[in-house]
Amino acid sequence: MDSVGIGLIGTGFIGKCHAVAYRSVGAIFDAGPPPHLEMVADVSQGAADDAARAFGFARATKDWRALARDPAVDVVVIATPNHLHREMALAAIAASKHVHCEKPLALTAAEAGEMTEAAEAAGVRTVVGYNYLCNPAVIHAKDLIAEGRIGDVVYFRGTHTEDYMADPEVPFSWRSARDQAGLGALGDLGSHIVSLAQLVVGDVAEVCADSATVIAERPTAGGARRPVETEDQAHFMARFAGGAMATFEASRVAPGRKLYLGFEVNGTKGSIIFDQERMNELRLFEAAGPAAQRGFRTILTGPDHPDYGAFLPAPGHGLGFNDLKVIEAYRLLDAIGAGKNPYSDFRRAWHIERVLEAVVRSAETRRWVPVAGE
Ligand code: NAD
């Protein structure tokens, strides 16, 4: 293969990030055959043509199925609303394409399992858009924990709150419709914090949850108001398979919070704090040395932290959100070369769907619920 043909479906918020990432990843990382932007699809030919012009795709179509089976497309990137992920991924897999799918992977854990098994049976590589797992600061937190620098992990406190739907006048969109979004804040934001917990601590085994829709109705394009079908906020207690305890919270109606995706991990010998709004920093406390000199210290990421150096030679200058998508694209391209999935593959995302499903069941039944096995 001289070059990897990229086919992107969906050119909204995150579709643009994918286009930017695949356009630049070959210049930033040496990931084998460089990718090229082969084809883009959106709902109308006009929208697809506009995106092709803006991002530099060779061809544009309003028919995503044509993109998924096109012989010049090697990787299908799915950046569409959640209810379309399953059908698009299965079509791409059936045509032996590698798949880069946005999160949450599917509407249900059963769908995620079906997609995982289809991809594995076809032998194609997969990655899911849990881009915060690509942050060098997060990888460093994971490594410090794995090295035992904070001792045995006893507690994970995770938050992902934003305010993008705090205004009751934000119109009804696919994010408010159960048949298109599946879940609300839990699927959109809770899935990210579960993915981070899974990386730095391990699998969640059991949950006890509550959730609420705060803004009951939203305006539609026609001027009417339509009931919101997905939750605006949720929280849950959890136990990891390894025994550590946790709390998680997710909200899309938390005024002032823009990307407050963070966690604090407490161990028997120290703590680590991460906040995505300060994404180039990690705070580490180690219970060592004279008590009077102890305290959290701030580590700024730099070339000594994996993947940072591909972008910049100097520490503390900082990466941004879009750079995380570049790293995610690199991980998939690298995995294609290696013939082995990256960490954040469909199987890993399937587990996140099972955690979320247990959270929903717990909130409904008001009991602790175990996370289902595969
Ligand atoms: P969006 O509404 O901004 O964009 C969706 C795009 O899909 C639009 O361009 C729309 O026209 C297109 N689309 C819809 N139906 C289509 C079809 N049948 N064929 C072709 N194109 C179609 O949504 P978004 O915010 O970009 O979200 C898309 C996905 O990305 C969701 O699954 C969301 O959860 C995820 N997302 C992930 C992150 C992240 O940090 N990883 C951030 C935002 C969104």
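Among the residues making up the stretch 92-136, a single one is of a type in the set (A, V, I, L, M), open to solvent by 30 Å² or more (accessible area, probe 1.4 Å) and touching a Lys or Arg at 6+ places or on another chain (Cβ under 6 Å): A95.
Output the residue which, of all residues in the stretch 194-224 that are of a type in the set (G, A, S) and not in a strand (DSSP E or B), is nearest to N131 (Cα to Cα).
For the stretch 194-224, the residue satisfying everything is S195.
Inside the stretch 233-275, counting only strands (runs of 3 or more DSSP E) that do not spill past its ends, which hold 1 or more residues that are farther than 23 Å from F285 by Cα and aromatic (F, W, Y)? Walk me through how you get there before you give the answer.
Numbers: elements: 233-240, 245-251, 260-267, 270-275.
In the stretch 233-275, 233-240 are the strands (runs of 3 or more DSSP E) which contain 1 or more residues that are farther than 23 Å from F285 by Cα and aromatic (F, W, Y).
Whenever a residue of the stretch 303-325 is under 20 Å from G129 (Cα atoms), its partners that are part of a helix (DSSP H, G or I) and of a type in the set (S, T, Y), lying with C-beta atoms within less than 7 angstrom and at least six residues away or across chains, give the pairs L319/Y308; L324/Y132. Within the stretch 278-292, the residues that satisfy the criterion of being more than 21 Å from A246 (Cβ to Cβ) and not in a loop (DSSP other than H, G, I, E, B) are R278, E281, E286, A291, A292.
Among the residues of the stretch 306-318, is any open to solvent by 50 Å² or more (accessible area, probe 1.4 Å) and part of a helix (DSSP H, G or I)? There is no residue in the stretch 306-318 that is open to solvent by 50 Å² or more (accessible area, probe 1.4 Å) and part of a helix (DSSP H, G or I).
Residues checked against (1) modelled with pLDDT of 95 or more; (2) closer than 16 Å to A335 by Cβ; (3) more than 12 Å from the ligand (Cβ to nearest atom):
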| site | (1), (2), (3) |
| --- | --- |
| E120 | yes, yes, yes |
| Y132 | yes, no, no |
| A137 | yes, no, yes |
| G158 | yes, no, yes |
| T161 | yes, no, yes |
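Out of the stretch 335-365, which residues are free of Cβ contacts under 8 Å to residues at least 24 places away in the same chain and within 13 Å of S211 (Cβ to Cβ)? Selection gives R361, E364, T365.
Tell me the residue from R65, R23 that is open to solvent by 10 Å² or more (accessible area, probe 1.4 Å) and either modelled with pLDDT under 95 or within 12 Å of the ligand (Cβ to nearest atom) (or both), please.
Only one candidate qualifies: R65.
Considered as a group, the residues in the stretch 30-51 that are of a type in the set (D, E) and within 16 Å of the ligand (Cβ to nearest atom) include one that is nearest to I327 (Cα to Cα), and that residue is E38. Assuming E364 fulfils every condition listed in (1) out of contact with any Asp or Glu (no Cβ under 7 Å at 6 or more places or on another chain); (2) crowded, with 17+ Cβ neighbours inside 10 Å apart from one, which condition is it? Status for E364: all satisfied but (2).
For (1) more than 22 Å from the chain's Cα centre (by Cα); (2) touching a residue at least 40 places away in the same chain (Cβ under 8 Å), each residue gets a yes or a no:
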residue	(1), (2)
I9	no, yes
C17	no, yes
V25	no, yes
A41	no, no
A66	yes, no
P81	no, yes
E87	no, no
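Among the residues of the stretch 319-359, those identified as among the acidic types (D, E) and either crowded, with 24+ Cβ neighbours inside 10 Å or under 21 Å from E114 (Cα atoms) (or both) are D323, E328, D345, E353, E357.
The values are calculated or read from the model by the stated rules, or taken from the named source; none is laboratory data. What you are looking at is a predicted structure, and each value in this text was computed from that prediction instead of being measured. Using ideal geometry, Cβ is built from the backbone for each residue, glycine included, and neighbour counts are taken over all protein chains shown. These area figures cover heavy atoms from the full protein model, side chains too; ligands, DNA and RNA do not enter into them. Shrake-Rupley method; radii C 1.70, N 1.55, O 1.52, S 1.80 Å.
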